[in-house]
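A.B. asks: Below you'll find the structure I mean.
The values are calculated or read from the model by the stated rules, or taken from the named source; none is laboratory data. Small disclaimer: the values here were computed from a predicted structure and weren't measured. Neighbour counts run over all protein chains shown; Cβ positions are idealised from the backbone, glycine included. Ligands, DNA and RNA are excluded from the accessible area calculation, which covers all protein heavy atoms including side chains. Shrake-Rupley method; radii C 1.70, N 1.55, O 1.52, S 1.80 Å.
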Amino acid sequence: MNPLTLHPLNDQVVRVLDSQGDCVGNLKRIGAVWKFKALGQDDSGAVVPGGGPLTGRHNMTFDALDEAAVSAALLA
């Protein structure tokens, strides 16, 4: 998988997009850390919280929004 990119929505939420521009989750500021919340879609296109290609990384935490470090950790 190609590197992921980060796209701030506001000061508390950052979208995580794959190389095709699809949202694979969000990083949410919780206290002093950023927590990854995986997102997927079912066959009808409904959003599945905790699902998708990065479901195994759901709830992974990060101290900073470093795009390269976040991408590497989520794709490891």
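A.B. asks: Based on this model, can you work out whether Leu6 counts as of a type outside the set (S, T, N, Q) and touching a strand residue (DSSP E or B) at 6+ places or on another chain (Cβ under 9 Å)?
C.D. replies: Answer is yes for this residue.
A.B. asks: While we're on this one: Please determine, by comparing only the residues of region 1-30 that are of a type in the set (A, V, I, L, M, F, W, C) and open to solvent by 70 Å² or more (accessible area, probe 1.4 Å), which one is farthest from Ala73 (Cα to Cα).
C.D. replies: Leu9
A.B. asks: May I pose another question? Looking at Val33 and the list (1) open to solvent by less than 70 Å² (accessible area, probe 1.4 Å); (2) at pLDDT below 95, which single condition is not satisfied?
C.D. replies: Result: Val33 fails condition (2) only.
A.B. asks: Inside region 64-76, can you point out the residues that are closer than 15 Å to Leu4 by Cα and either assigned to a loop (DSSP other than H, G, I, E, B) or of a type in the set (Asp, Glu) (or both)?
C.D. replies: Leu65, Asp66, Glu67, Ala76
A.B. asks: Which residue is most open to solvent (accessible area, probe 1.4 Å), if the candidates are limited to region 36-63 and must be hydrophobic (A, V, I, L, M, F, W, C), outside any strand (DSSP E or B) and within 16 Å of Leu6 (Cα to Cα)?
C.D. replies: Selected residue: Met60.
A.B. asks: Touching a helix residue (DSSP H, G or I) at 6+ places or on another chain (Cβ under 7 Å) and assigned to a loop (DSSP other than H, G, I, E, B) - does that describe any residue in region 10-26?
C.D. replies: no
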